[in-house]
1. Could you run through segment 272-316 and say how many residues are assigned to a loop (DSSP other than H, G, I, E, B) and within 16 Å of the ligand (Cβ to nearest atom)?
2. Output yes when any residue across segment 347-360 is of a type in the set (D, E, K, R), farther than 30 Å from Phe270 by Cβ and exposed (fewer than 13 other Cβ atoms within 10 Å of the Cβ), and no when none is.
3. Looking at this structure, is Lys447 in contact with a Ser or Thr (Cβ under 6 Å, 6 or more places away or on another chain), over 15 Å from Met176 (Cβ atoms) and either away from the ligand (no atom under 16 Å from the Cβ) or free of Cβ contacts under 8 Å to residues at least 24 places away in the same chain (or both)?
4. Return yes or no: is Leu435 within 11 Å of the ligand (Cβ to nearest atom) and under 25 Å from Gln144 (Cα atoms)?
5. Can you say whether Ala231 is more than 16 Å from the ligand (Cβ to nearest atom) and either in contact (Cβ under 8 Å) with a residue 24 or more places away in the chain or part of a loop (DSSP other than H, G, I, E, B) (or both), as far as the supplied structure shows?
6. Pick from Thr163, Thr143: which is of a type in the set (S, T, N, Q) and either part of a loop (DSSP other than H, G, I, E, B) or in contact (Cβ under 8 Å) with a residue 24 or more places away in the chain (or both)?
7. Take the residues in segment 391-427 that are of a type in the set (Ser, Thr, Tyr) and over 30 Å from Tyr361 (Cβ atoms); name whichever of them is farthest from the ligand (Cβ to nearest atom).
8. Just to be sure I understand the filter: pairs with C-beta atoms under 7 Å, separated by 6 or more residues or on different chains, first member in segment 120-131 and closer than 18 Å to Val208 by Cβ and of a type in the set (Phe, Trp, Tyr), second member part of a loop (DSSP other than H, G, I, E, B) and within 13 Å of the ligand (Cβ to nearest atom). Which pairs pass?
Amino acid sequence: MKQLTTDFGNPIGSNQNSLSAGAMGPLLMQDYQLIEKLAHQNRERIPERAVHAKGSGAYGELRITQDISKYTKAKVFAKGEVTPLFLRFSTVAGEAGAADAERDVRGFAIKFYTKEGIWDLVGNNTPTFFLRDAYKFPDFIHTQKRDPRTHLRSNNAAWDFWTLTPEALHQVTILMSDRGIPASYRHMNGYGSHTYSFINDKNERFWVKFHFKTKQGIKCLTNEEAEKIIAKDRESHQRDLYENIEKGNFPVWSVKVQILAENEVEKLGFNPFDLTKVWPHSIVPLIEVGEMILNRNPQNYFNEVEQAAFSPSNIVPGISFSPDKMLQARIFSYPDAQRYRIGANYHQLPVNRARNEVSTYNVAGAMNFGIGDNLANGAYYEPNTLDGASENAKYLEPDLAIGNSAARYAPLDNDFYTQPRNLFNILPADEKERLYKNLAASFDGVKDEIIAKALAHFEKISPEYANGVRKALGK
Ligand code: NDP
């Protein structure tokens, strides 16, 4: 049997009885073993994520089967390349103890441990988002969380915001459609959602969107099915993912991209960096790239899933950003949240650590394990004559042409209705009926004048849409 020790390795003689002055107490302050145990327990939790607090994770691999080297020089996309990865699924609005089978967008965050560093693709199970400017994000999230006075979630707040922010209608329609409650994490697609860039070995830039299509098939739950599951099991998605991977029933997604050359963006007829819009497949077809599999469960939920920290700022040569205003803000916001939540050296934790060699002049900070710093050869600053790590201009990206006047620009269009209409028109009749019912249910507790505003928006998507919701509301 192994010897039980303190956190510092000192052998423990008794883990049953605290040290007391006499059999009836009181306790002695010198019982450092008791104090260490209680003090550590007080520190077992780290700040919960403000969004995406409830999640599940698994390890797997990305396997590239097609040659897309004309678009990107990224090694992770070289034909035949196999890259280890960690994927964290999540709901967005609920707290860490929320039920998995709630109607919500799902997070689909992938950390690729590439040979050229960590690439994080922090996506969702929807190809779009509620907003196209992150300036509105904290307000939006307030409407999804609890009213500070009642401490209750508020449909009224959600719809008050959405009806005043009609660019959300596309995402709201997806959320209220069948796909708003996936049957499990295995049965949904993932999307990088934002437009990113690919850069090839000639330093040419292409705009790209990433798609992960479930090979398990899309399966969803109705509100009634979800309610029954939640009554008995708040961890239904976690259980499904964990048990299937344990059984060797590994979930698989096919990986596809949509690509636009820089001079092709006019084809779309709208801002290619507007996160509330998809790139229609008829204009930008999907290109098959490879396959992603999840095949290993984490050993320790806290260490590997709770401390997994994704940042869209983590890119590798051949993959980069776009001017998408939501993406630009997430490049700041995510690593900032991780530094707050975990600490300055969160990148040194095993689940977050790059698998290639890290060489940096960033040193010190809380919980520093010295991984990747250059101190070993005496170089703790740069430039130096100590043969320390140095830059290489081959990693510079091509210049990006941008407008030259800084201002608080309004979005380029106010077409809030075309793409929700395109989606509405592909929904089968029975799904349209469920969409109306789900929307009607979401109006529970919402003021009449806000419902009237929502119906006016639905009318502009399609009179059939508005009539269906009106009927479901009994109006
Ligand atoms: P298409 O008819 O070419 O594509 C429709 C796509 O919609 C499908 O490929 C499928 O994407 C997805 N879809 C199919 N059934 C449903 C459903 N019941 N609920 C939600 N999505 C569904 O037309 P467009 O490319 O013009 O897209 C039309 C609408 O489809 C968009 O406005 C958007 O709401 C939605 N959509 C579009 C995607 C895109 O990237 N173009 C991606 C996902 C949804 P998938 O195989 O990815 O599930």
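1. Kept after step one, since they are assigned to a loop (DSSP other than H, G, I, E, B), are these residues of segment 272-316: 272-286, 297-300, 307-316.
Now narrow it down to the ones that are within 16 Å of the ligand (Cβ to nearest atom): 272-286.
So the count comes out to 15.
2. yes
3. Numbers: in contact with a Ser or Thr (Cβ under 6 Å, 6 or more places away or on another chain): no; over 15 Å from Met176 (Cβ atoms): yes; either away from the ligand (no atom under 16 Å from the Cβ) or free of Cβ contacts under 8 Å to residues at least 24 places away in the same chain (or both): yes.
No; evaluated as a whole, the condition is false for this residue.
4. In short, yes.
5. no
6. Thr163
7. Here is the first cut: in segment 391-427, the ones of a type in the set (Ser, Thr, Tyr) are 395, 405, 409, 417-418.
Right, trim to over 30 Å from Tyr361 (Cβ atoms) and you get 405, 409, 417-418.
Details: Ser405: 32, Tyr409: 24, Tyr417: 11, Thr418: 8 Å.
Top of the filtered list is Ser405.
8. Phe129/Ser193; Phe129/Leu275; Phe129/Thr276
The values are calculated or read from the model by the stated rules, or taken from the named source; none is laboratory data. What you see is a predicted model; the values in this text were computed from it and never measured. Every residue, glycine as well, gets a Cβ built from its backbone with ideal geometry; the counts of neighbours run over all protein chains shown.
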